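Some notes on the structure that comes next.
The values are calculated or read from the model by the stated rules, or taken from the named source; none is laboratory data. Keep in mind it's a predicted model, so treat the numbers as computed, not measured. Ideal geometry is used to build each Cβ from the backbone, glycine not excepted, and the neighbour counts take in all protein chains shown. We work out accessible area using only protein heavy atoms, side chains counted, and drop any ligands, DNA or RNA first. Shrake-Rupley method; radii C 1.70, N 1.55, O 1.52, S 1.80 Å.
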Amino acid sequence: MKILMYGTREDEKEAALAWAQKENVKVTFNDGPLTMETVDLLDGYDAVTTSQTAQFDDRLYEIVANKGIKQIAQRSAGFDMFDLDLATQHGLIISNVPSYSPNAIAEYAVTAAMNIIRNTEKIQRKVREHDFTWNKTIISKEMRSMTVAIIGTGRIGSITGRILKGFGAKVIGYDLYPNEDAKAFLTYTDTLEEAVRQADLISIHMPLTKDNTYMFNADLFAKMKDGVYIVNTARGGIVDTKALLDALNSGKVAAAALDTYENEAPYFPKDFRDKEIEDKVLLELIAREDVQVSQHIAFYTETAVMNLVEGGLYSAKEVVETGSCENRVN
């Protein structure tokens, strides 16, 4: 069996080669994504795994299927870059890796929350300027005095809530499908609005869907407490960024930590040190001291990378051998 692995980073190759040896499968690497320019590399392969960040070109589904490929294994939990109906129409199974290391993202969410609450960026700027004074611009709250709303209480959200409960915070949660295990350390609200009204800190942990795109919009921000903190390690499209900027400017939101951004695909994870960033909104977010931006990196631990690589490869192999796979999403 031969599997072509698109979008391969150097840190993924060691895990992929170890898996290939163990499973007696030939795995070949391509650094770039699966696009119209690279799709012909699939000739002669049995399966494909990729790590798409930009929207998948609609023309590719038919081309991939015509090459005898039965699936596309995405190496992430998110699969919103694929048109599942179009994939199904062409007989392609789309799979994801739903659980690779929820602790990685949860720990990052908590770290990001602590950074913005404790004014870490402001403190470090002052130190770099040799200003060692104390003043109200860098005084902070304590987590144990805060009410935290976990929006989306699946694997990642529930771990985030459990960690924050350990700090002594009051933890509430909202989810269309409440997690019974999470009830041991959080209290569910009946509505999203009720959750955000109570919260001093809001941490978002939801997949992006058509129904929750721009869920965090101007109307929802208006329902929040003044001076609320926002952490998004989920998907950028859940937050209307311009509405968030307005909320930051008005003081409704004290600070935000964004590991995802709605228009991140052209930039994350790429090197733009010698290139122009044309996205003025992204530039404003980066420049602001009340926003911590990171490059969709919350997942990025050694354990998570290994789990993602193996998860994608196992799904690709499973479809070839059985005609389906456990982690199919269409």
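In the context of the full set of protein chains, the chain has a per residue accessible area of 50 Å² (1.4 Å probe). Residues whose amide H comes within less than 5 Å of that of ILE94, counting only those at least five positions distant or on another chain, are ILE72, VAL329, ASN330 (H built at 1.01 Å from N in the peptide plane). Within the full protein context, the accessible area of MET114 is estimated at about 50 Å² for a probe radius of 1.4 Å.
Taking a sphere under 11 Å around the Cβ of GLN89 and counting the other residues whose Cβ falls inside, with K and R at +1 and D and E at -1, yields a net charge of -4. Among PRO33, ILE297, ALA104, flag the residue with its Cα farthest along the positive direction of the charge dipole of the chain, charges on Cβ as +1 for Lys/Arg and -1 for Asp/Glu. Going by the charge dipole, the pick is ALA104. 3J(HN,Hα) along region 194-210, derived from phi through the Karplus expression 6.51 cos²θ - 1.76 cosθ + 1.60 where θ = phi - 60°, amounts to 5, 5, 6, 5, 7, 7, 8, 9, 10, 10, 9, 9, 10, x, 7, 10, 4 Hz, with x in place of Gly and Pro. Among the protein heavy atoms of the chain, carbon and sulfur supply 49% of the accessible surface, probe 1.4 Å, non-protein parts ignored.
For region 3-46 versus region 158-204, the inter-centroid distance based on Cα atoms is 39 Å. Per residue, the chain reaches -10500 deg cm²/dmol at 222 nm when only DSSP H runs of four or more residues are counted, each adding -39500 (n - 2.57). Separation of region 67-88 from region 234-275 is 26 Å, based on Cα centroids. Here the mean projected area of the convex hull built on the C-alpha positions of the chain is 18.3 nm².
Sequence-ordered 3J(HN,Hα) estimates for region 62-70 from the Karplus curve with 6.51, -1.76 and 1.60 and θ = phi - 60° stand at 5, 5, 4, 4, 5, 8, x, 7, 9 Hz, glycine and proline given as x. Near the amide H of LYS225, within less than 5 Å, lie the amide hydrogens of ALA199, all on another chain or at least 5 residues away, with H placed in the peptide plane.
Amide H contacts for VAL291 (H built 1.01 Å from N in the peptide plane; partners 5 or more residues away or on another chain; cut-off under 5 Å): ALA256.
Once all protein chains are placed together, SER51 keeps about 30 Å² accessible to a 1.4 angstrom probe.
Given +1 at the Cβ of Lys and Arg, -1 at the Cβ of Asp and Glu and no other charges, the dipole of the chain around its Cα centre is 1080 debye to the nearest 20. Counting Cα-Cα pairs of region 102-293 in 5 Å increments starting at 0 gives whole-percent bin shares of 1, 8, 16, 20, 21, 16, 10, 5, 2, 1, 0.
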